[in-house]
1. State which entries of Lys20/Lys72; Lys60/Lys97; Lys20/Lys97 exceed 22 angstrom in Cα-Cα distance in the structure shown.
2. Take Asn33, project a point 7 Å from its Cα along the Cβ direction, then tell me which residues of segment 79-94 have their backbone nitrogen under 18 Å from it.
3. Figure the gain on full extension for Leu86 and Glu71 (residue separation times 0.36 nm, minus the Cα-Cα span) and round it to one decimal in nm.
4. For a protection proxy built on the mean count of beta-carbon atoms within 10 angstrom, sort 61-73, 24-36 highest first, please.
5. Using the Kirkwood radius over Cα pairs, work out the Stokes-Einstein diffusion coefficient for segment 27-89 at 20 °C and 1.002 mPa s, in µm²/s as a whole number.
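Derivation of every value follows stated rules applied to the coordinates shown; laboratory data play no part. Owing to the predicted nature of the structure, the values given are computational and were not obtained by experimental measurement. All Cβ positions, glycine included, derive from the backbone under ideal geometry; neighbour counts span all protein chains shown.
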Amino acid sequence: MYISPAGCCLGMLNQTSGLKTVEGSLAQIHCSNIATSDTVFWYRQYPSTAPHMIISEYQKDEEGHFTLVVEKAKGSCVLEIAGVELKNAAVYYCAVKAQ
């Protein structure tokens, strides 16, 4: 299975460029260059569909297996996908809202 992270936000953020994983494992997608005042969001996009927000600092994930780990002092965050399933194969975007 291939999970494809994609950069966003006019090149301001750096993100894991690609991730190969197996079903049932823990996948981690890293995003950096986050300012301490930024609010972090993660989006998932399946082929031929619009991106859909899956988790943010202020909104829990609805599916129950995404975790957002934010370390603003280090300027980074990690999207963790527990128990990876085939349906998780998609493009993932890290985005921020500057305060």
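1. Lys20/Lys72; Lys20/Lys97
2. Inside the label zone: 79, 92-94.
3. 2.5 nm
4. Listed from highest to lowest mean packing, they are 24-36, 61-73.
5. Translational diffusion coefficient: 172 µm²/s.
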